[in-house]
Amino acid sequence: MAENKTIRNKVVANDTVNTSQETIRPPVVTVMGHVDHGKTSILDAIRKTSVQAGEYGGITQHIGAYQIEHNSKKITFIDTPGHQAFSQMRARGGRAADIVVLVVAANEGVKPQTKESIQHAKAAGVTIIVALNKMDTAGADPQNVKQELAREGVMVEDWGGDIISVQVSAKSGTGLTDLLDAIQVQAEMMNLKADPASELEAVIIESRLDAKRGVVVTVIIKNGTLRIADEVSASGYNIKIRSMMDHNGKMLKEAGPSTPVEILGFSKPPSVGDLLVQKGSELAELAIDENRVEIIGKDTKRTVAIVVKADTQGTLEAVKAGLAGLVSEVVGATFSLKFLRASVGDITDSDVLLAQGARGIVVGFGVKPAPNVADLADNLKVTVKTYQTIYELMDDVKELLEGTAHDAEAKIKGRAQVLKTFKLPSGDIIAGCKVLAGALKEGSRIAIYDKDPADVTKEDEPLYVGQVKKLKKGKNEVPLVGKDNECGILLKPQFEGIAGDLWVEVR
């Protein structure tokens, strides 16, 4: 385990200066990997060895997450959410984890669920740390495991990559300190920050009905501070926090960023992965169903995410090459096609969950989903299409890309319907809109009419003319929102008082 000795000596350069409000927050870590490779054993071992003996009541609660202290700094662990919960968190915009510890048994190597874990972590853009477990087991071969990981695109440091790997044994406890050191080194490089005084934003990681206590919900605070008696919103429910405790069963009055807490107050279980926000806040007002819309990043380049399954390896390579060629042919440099997974075999529930998390689609060639998988796709609103000829597959995907490109070409001009308006304490107005054609763009000059702009004539005067100050999708500020998506636009206070059915036209 010589490689572990260098972790504590690693120097991290950090020239970022803290603002007066933002502070460094603990990293939030989840552990993933193949069944029986030791995920739960590692979490249990860390929990037992790292929690101080004098803490309140010992470890009495299982709330889906816990927090430890290492080198006088805290680390929060999500207790093995599994691929489905991980996907649900991502799909709803509630990315809870900062780091994924990928557990691989050194005596068994990369297995199917190892590959799935890698794909989920990469699709989420989460930093990976590799924990090579069972190093004290006969047949342990870390170099062979690293070679197998390299084939999956996971290049550890001593193989020329930038991913930290640590050799551990959950059974004996060897290497666990090095793993915690590695997590803290990675967290320092990521410069994780939050503002305890800002608007509350938390992610629901567990939601269950308890026979004695009623609905019990576990959340991790991402930003702001959660307090007893706060009025909050999640999954369409407005509630008041009646009780809050940490993983040791200690009752809390408040909790800050990266803290996992169990709360009471809901009458019905909210959805895992949904955001918990302050009732009446801007985040609550803009909490439009993120399952149905694509969050566009800070640039205007869009990615079409796709899972490809085929009956043979040869067919798979042909399909991948054909699809990659379509992107260049149809959309040029404006769009990219991201293969979330490309493999041989029937379409599985894991394929559907992976596509859901990235708001992508699943295409199969010569394969079909089982009935239960088709039902899951319907419930999650994930598009799954199967084909018997490659030409049919290419034609369908080409239509998809051409439709997306058409929206992009119309990004300067657009029309939208106002669904609801909100007034902020500042006096500014938020108009919740659905884009009907073209796109809305930050900074665009717009006109508001009392009828669809498609029917507006030269004689019709607008009710309001102004500029889009900000544009938001859910909690994210974005520069552009395309057709069929919902968003919030921030307008000047003069917009207040306009009532009735309203439409927006980009000028």
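No value in this document is a laboratory result; all are computed from the given coordinates. In this text, all values refer to a predicted model and were calculated from it rather than measured experimentally. Note that each Cβ is placed from the backbone with ideal geometry, even for glycine, and that neighbours are counted across all protein chains shown.
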- Task: Would you kindly derive the ³J(HN,Hα) couplings of the stretch 476-485 from the backbone phi angles with the Karplus curve 6.51 cos²θ - 1.76 cosθ + 1.60 (θ = phi - 60°), listing them in order in whole Hz, with x for Gly and Pro?
- Result: 9, 7, 10, x, 8, 10, x, 4, 6, 9
- Work out the FRET efficiency for Asp346 and Ala321 from their Cβ-Cβ distance, taking R0 = 22 Å, and round it to the nearest 0.05. 0.50
- Task: Amide H neighbours of Lys470 under 5 Å, at least 5 residues apart or on other chains, H built in the peptide plane: list them.
- Result: Leu490
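Kindly identify the stretch 414-506 as rounded, prolate or oblate by the Cα gyration tensor criterion: order the square roots of the eigenvalues as a ≥ b ≥ c, call it rounded if a/c is under 1.5, otherwise compare a/b with b/c, prolate if a/b is larger, else oblate. Let's see the in-between values first.
Numbers: a/c = 1.73, a/b = 1.18, b/c = 1.46.
Oblate is the answer for the stretch 414-506, as a/c is 1.5 or above yet b/c matches or exceeds a/b.
So if R0 is 45 Å, what FRET efficiency would Lys469 and Gln147 give, r being the distance between their Cβ atoms, rounded to the nearest 0.05?
0.25
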- Task: Give the long-range amide H neighbours of Phe365: residues separated by 5 or more places, or on another chain, with amide H under 5 Å away, using H modelled in the peptide plane at 1.01 Å from N.
- Result: Lys309, Ala310, Asp311, Tyr387
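Order these by the 10 Å Cβ neighbour count, fewest first: Lys111, Lys470. Mind dumping the intermediate values first?
On the way: Lys111 17, Lys470 14.
Ranked by crowding around the Cβ, least crowded first: Lys470, Lys111.
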- Note on the structure: With x for Gly and Pro, the residue-by-residue ³J(HN,Hα) of the stretch 431-441, computed from phi through the Karplus equation 6.51 cos²θ - 1.76 cosθ + 1.60 at θ = phi - 60° and given in whole Hz, is 9, x, 10, 10, 6, 8, 7, x, 7, 9, 9
- Query: Nearest 20 debye, what's the magnitude of the dipole of the stretch 177-234 about its Cα centre given +1 on Lys and Arg Cβ and -1 on Asp and Glu Cβ?
  - Reply: 300 debye
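What is the stretch 139-190 by shape, rounded, prolate or oblate, if you read a ≥ b ≥ c off the alpha carbon gyration tensor as root eigenvalues and call it rounded for a/c under 1.5, prolate for a/b larger than b/c, and oblate otherwise?
Values: a/c = 2.94, a/b = 1.09, b/c = 2.71.
Cα axes put the stretch 139-190 in the oblate bin.
Between Gln21 and Asp460, 0.36 nm times their residue separation minus their Cα-Cα distance comes to what?
Numbers: separation 439, 0.36 × 439 = 158.04 nm, distance 4.80 nm.
Length gained between Gln21 and Asp460: 153.2 nm.
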- Query: Placing +1 at every Lys and Arg Cβ and -1 at every Asp and Glu Cβ, with all other atoms neutral, what dipole size does the stretch 153-287 have around its Cα centre, in debye to the nearest 20?
  - Reply: 880 debye
- Potential lengthening between Lys423 and Thr40 on full extension [0.36 nm per residue; Cα-Cα distance subtracted]: 133.1 nm
- Task: Apply 1/(1 + (r/R0)^6) to the Cβ-Cβ distance of Lys338 and Thr389, taking R0 = 25 Å, and write down the FRET efficiency to the nearest 0.05.
- Result: 0.55
- In vacuo Debye sum over C-alpha of the stretch 201-285, base-10 log of normalised intensity I(q)/I(0) at q = 0.14, 0.21, 0.25 Å⁻¹, listed in q order, is -0.38, -0.92, -1.38
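Could you list Leu316, Leu323 in order of exposure, starting from the residue whose Cβ has the fewest other Cβ atoms within 10 Å?
On the way: Leu316 19, Leu323 22.
If I rank by nearby Cβ atoms, fewest first, I get Leu316, Leu323.
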